[in-house]
1. Can you tell me how many residues in region B:64-82 are more than 10 Å from chain A (Cβ to nearest Cβ) and open to solvent by 50 Å² or more (accessible area, probe 1.4 Å)?
2. Could you please give the count of residues in region A:30-81 that are more than 14 Å from chain B (Cβ to nearest Cβ), hydroxyl-bearing (S, T, Y) and buried (at least 16 other Cβ atoms within 10 Å of the Cβ)?
3. Which of the residues spanning region B:231-262 are open to solvent by 10 Å² or more (accessible area, probe 1.4 Å) and either within 12 Å of chain A (Cβ to nearest Cβ) or in contact with a His (Cβ under 8 Å, 6 or more places away or on another chain) (or both)?
4. Does A:I92 meet the test of being open to solvent by 20 Å² or more (accessible area, probe 1.4 Å) and under 21 Å from A:G189 (Cα atoms)?
5. Report whether or not B:K180 is crowded, with 21+ Cβ neighbours inside 10 Å, at pLDDT below 95 and either within 14 Å of chain A (Cβ to nearest Cβ) or in contact with a Lys or Arg (Cβ under 8 Å, 6 or more places away or on another chain) (or both).
6. Would you be able to say whether some residue in region A:119-128 is aromatic (F, W, Y) and within 14 Å of chain B (Cβ to nearest Cβ)?
7. For region A:140-167, what are the residues that are open to solvent by 40 Å² or more (accessible area, probe 1.4 Å) and either more than 14 Å from every other protein chain (Cβ to nearest Cβ) or among the hydrophobic types (A, V, I, L, M, F, W, C) (or both)?
8. I'm checking my understanding of the structure. Among residues of region B:97-148 that are more than 20 Å from B:A175 (Cα to Cα) and acidic (D, E), which one is surrounded by the most Cβ atoms within 10 Å (Cβ to Cβ)?
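The values are calculated or read from the model by the stated rules, or taken from the named source; none is laboratory data. Quantities reported herein were computed from a predicted structural model and do not represent experimental measurements. Quick reminder, even Gly has a Cβ in these numbers, built from the backbone with ideal geometry, and neighbours come from all protein chains shown. Please note that ligands, DNA and RNA were not included when accessible areas were found on the heavy atoms of the full protein model with its side chains. Shrake-Rupley method; radii C 1.70, N 1.55, O 1.52, S 1.80 Å.
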Amino acid sequence: MALRSLATRKTLTLGLNSTRLTQSRALQTFSLPDLPYDYGALEPAISGEIMQLHHQKHHQTYITNYNKALEQLHEAIQKGDFSTVAKLQSAIKFNGGGHINHSIFWQNIAPIREEGGEPPKGSLGWAIDTNFGSLESLIQKINAEGAALQGSGWVWLGLDKELKKLVIETTANQDPLVTKGAHLVPLLGIDVWEHAYYLQYKNVRPDYLKNIWKVINWKYANGVYEKESA
Amino acid sequence: MAAAASMVASSSFTFPSQGLRLPTRSHPCMKAQRRILRKDASNVIAATYELKPPPYPLNALEPHMSQETLEYHWGKHHRTYVKNLNKQVLGTDLEGLSLEDIISVTYNRGDILPAFNSAAQAWNHDFFWESMRPGGGGKPSGDLLDLIKRDFGSFERFTEEFKSAAATQFGSGWAWLAYKANRLGVENAVNPWSSENDKKLVIVKSPNAVNPLVWDYFPLLTIDVWEHAYYIDFQNRRADYISVFMEKLVSWETVNARLEKAKARAAEREMEEERRKKEEEWKPTDGDEDDEGLEMYVDSDDDSEAE
């Protein structure tokens, strides 16, 4: 009897210990953020079908796989399994990057009735004119970079906090903008993975790039710019 | 303009910077290329690359791969790669080269030149259409099946590994079954003691336009996992697309034929290696090792060097 209770207590303690460990490491799990608009609200620039697939399938999958990779990483660190830790890095970058990038993206676009497409006012508008001459010139450059990107990736309007200027950058796959420079802050990202436009625009990526500006949410980009350049 | 054009036509020694679109940093590989041209200077003709249709009608793979997909994938994407390739090659030293030669030159050991994407994607898509057939799928047989069992344990394990490679190629790219003759598992590394066991089947995946030709492997089978390959039919469900490809589309006959060719070429190269090694033994030692080697390859019938 005593032995049994000893065994039980040991198991209980072990269980408690591992819970405590988990709690102290606070393994956070991520979940899909809600969109602040309906799937169909960005038509005809981006179809409701694409928005739904993009959000519920693609973004959700990045989050699911990111959570899985983090859990595996947590285990591997605890076990001291360094080769697994190293092996997991690409899955973390890919899926974590996918989560970060898409979370930004949903805020970069807005329905027209919520000022989507309205040209930037405030300090960002001024900075664009200073850095690129005009909004049209900026758009032209971003579209050229986006169209020329081979394979999958993103095209960004970023703020270089160190040099205090606006930059246009592209990243491959789901690499976040910081992979191009630690002082780069994303203001605006346009997803040029085929899943972002294929059902509607097929192979004609330039048409997608032309039309997305009708729903770009400059208010958000301006907000980030003002906060980061303060 | 006319003068420049005639200069390109008459001379195979045009400097890359003269009115051509290749960046100057391509000079090291342009040197290698000029040597290739020197070998058959009489064959410098302006060849254009053509869009070959798949070996079956565009609706022949239904319902597994829709006609609509073929119309866009072949009719638009593949067509554009070929169009761009012709544009990028016109008036440059790449003109007249075979597609495979353009691929290896413009791969430039990983420091990829602009024409690579068009050339490699043109080649990849030809290879992809031919890797499928209506009523495909099932299992391979004969030598191919034996090799698969030898190198993967079983056909089921092979299928698992191939599907996994295709599913885990992040972003755009391809998954391949390839025959690796005497190349080691490291790029550009040749096994000097190659034996039967080194002629292995391998599964590899590659990003964007890269293909196993650049690692000197013999590709046998490929699946396109760029989203445009499956989005119309499967949307985000890449895994389903891959399963359908394996179960209903793979042309094992084609893969088999490619394996036979790969084995034959590997044997040819082995004999060529043997011959070269023997000639090395008979050659008098000279100063400049590197140049000697290259010249021997180009002017192999020139007996004036041998003593």
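1. Counting residues in region B:64-82 that are more than 10 Å from chain A (Cβ to nearest Cβ) and open to solvent by 50 Å² or more (accessible area, probe 1.4 Å) gives 2.
2. So the answer is 2.
3. Correct list: B:I232, B:D233, B:F234, B:Q235, B:N236, B:R237, B:R238, B:A239, B:V244, B:K248.
4. Judged against the criteria, A:I92 is a match.
5. Details: crowded, with 21+ Cβ neighbours inside 10 Å: yes; at pLDDT below 95: yes; either within 14 Å of chain A (Cβ to nearest Cβ) or in contact with a Lys or Arg (Cβ under 8 Å, 6 or more places away or on another chain) (or both): yes.
The answer is yes for B:K180.
6. First, pick out the residues of region A:119-128 that are aromatic (F, W, Y): A:126.
Next, from what is left, pick out any that are within 14 Å of chain B (Cβ to nearest Cβ): none.
The answer is no, given that none of the residues of region A:119-128 is aromatic (F, W, Y) and within 14 Å of chain B (Cβ to nearest Cβ).
7. We begin by selecting, within region A:140-167, every residue open to solvent by 40 Å² or more (accessible area, probe 1.4 Å); these are A:140-141, A:144-145, A:147-148, A:150, A:161-165.
Across region A:140-167, the qualifying residues are A:Q140, A:K141, A:A144, A:E145, A:A147, A:A148, A:K161, A:E162, A:L163, A:K164, A:K165.
8. Out of the qualifying residues, it is B:D101.
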